[in-house]
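For reference, the structure is listed below as structure tokens.
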Amino acid sequence: MKKRIHLLVVVCALSATGIVVGQGRIMDMVANKVITKYQTASCEQLWQQKGQPKSPEEEKAVNFLRNDAQARTAFINMVAAPIANKMFECGMIP
């Protein structure tokens, strides 16, 4: 009986780890997409996109990050430097 409980605990732990790793991969893909967007866009394109509404996909990602502080911190740590550099180059921040 104890072996079954231990096995169940191990399976649950591995499943949870797999879910977290999967979410991490998705977040990495989204972060890379955002970074690529900023790196490949011209300053003019960024200025034009600044006031436009977000796509449903972007809204979903933003809502996820608003509700998950740990994911938000990890995401911002990945994208902050490339975005800030591009915005500085384009005169969007002083």
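Any read-out appearing in this document is the output of simple, stated calculations on the displayed coordinates, not a laboratory observation. What you are looking at is a predicted structure, and each value in this text was computed from that prediction instead of being measured. Cβ atoms come from the backbone with ideal geometry, glycine included; neighbour counts cover every protein chain shown.
Taking the stated definitions as given, is Lys86 basic (Lys, Arg), in contact (Cβ under 8 Å) with a residue 24 or more places away in the chain, crowded, with 16+ Cβ neighbours inside 10 Å and out of contact with any Asp or Glu (no Cβ under 7 Å at 6 or more places or on another chain)? Taking the combined requirement at face value, the residue satisfies it.
Of all residue pairs spaced 6 or more apart or on separate chains, those with beta-carbon atoms under 6 Å, a first member in region 40-57 that is within 14 Å of Ile83 (Cβ to Cβ) and a second member that is in a loop (DSSP other than H, G, I, E, B) are Cys43/Cys90; Leu46/Cys90. Of all residues assigned to region 68-78, at least one qualifies as being touching a helix residue (DSSP H, G or I) at 6+ places or on another chain (Cβ under 6 Å) and under 19 Å from Ala41 (Cα atoms).
Can you name the residue in region 24-59 that is exposed (fewer than 12 other Cβ atoms within 10 Å of the Cβ) and of a type in the set (Lys, Arg) and, of all such residues, is nearest to Gly91 (Cα to Cα)? It would help to see each step written out before you state the result.
To start, the set of residues in region 24-59 that are exposed (fewer than 12 other Cβ atoms within 10 Å of the Cβ) comprises 25, 29, 36, 39-40, 42, 44, 48-57, 59.
Keeping just the survivors that are of a type in the set (Lys, Arg) gives 25, 50, 54.
On the way: Arg25: 32, Lys50: 13, Lys54: 22 Å.
Going through the qualifying residues, I end up with Lys50.
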